[in-house]
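What follows is a set of notes on a single structure, which appears directly below.
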Amino acid sequence: MRNQKHGISALKKKNKIILITAGIVLSLLAAALILFYILEENPDPDLKGLWVYDEYTSYEFTEQGTGDMYLDDQRYEFTYETSLDSLKMDFALPEILDCTYEFHVRGNILTLIGEEGTIGGTYTLYRE
């Protein structure tokens, strides 16, 4: 009987170790998937270049944190900053409201999600 109790105790200990190990492995896997998703979403949030929204609206970003919004035949200068998935645009003209967007770059597609200073909405632009 004593050997049987010892065997059950050892089996419980072994099962506990297996469960703890499985929990650690699953936690690490979940963390890796979350990190992969974050890096995949904005692997290189490089905004440089011309991004077209429609036939009337486009944005051009430079490396130096400056850019231009083209609306119809008008050009509006701005400076910009990015931080993780946030894009802040400060327009040179005081009449144009400065704004913040959540942004995501996937290849040649830029998605802007309106936040502060916008009317909201989601906008998809394509790199020229």
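What the table shows:
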| quantity | calculated |
| --- | --- |
| Matching residues, the stretch 62-88, being under 21 Å from the mean Cα position of the chain (by Cα), among the charged types (D, E, K, R) and assigned to a loop (DSSP other than H, G, I, E, B) | Glu63, Asp85 |
| In the stretch 61-110, residue farthest from Arg127 (Cα to Cα) [restricted to those that are aliphatic (A, V, I, L, M) and crowded, with 17+ Cβ neighbours inside 10 Å] | Met89 |
| Members of the stretch 111-120 found to be modelled with pLDDT under 95 and either surrounded by fewer than 11 Cβ atoms within 10 Å (Cβ to Cβ) or under 15 Å from Phe61 (Cα atoms) (or both), listed by number | Ile119, Gly120 |
| Per-region count, the stretch 89-113, residues in contact with an Asp or Glu (Cβ under 8 Å, 6 or more places away or on another chain) and assigned to a strand (DSSP E or B) | 13 |
| Within the stretch 9-57, tally of residues that are over 24 Å from Phe78 (Cα atoms), at pLDDT 70 or above and not polar (S, T, N, Q) | 18 |
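The values are calculated or read from the model by the stated rules, or taken from the named source; none is laboratory data. Since the structure is predicted, the reported quantities are computational estimates derived from the model, not experimental observations. Cβ sites come from the backbone with ideal geometry, for glycine too, and all protein chains shown count toward neighbours.
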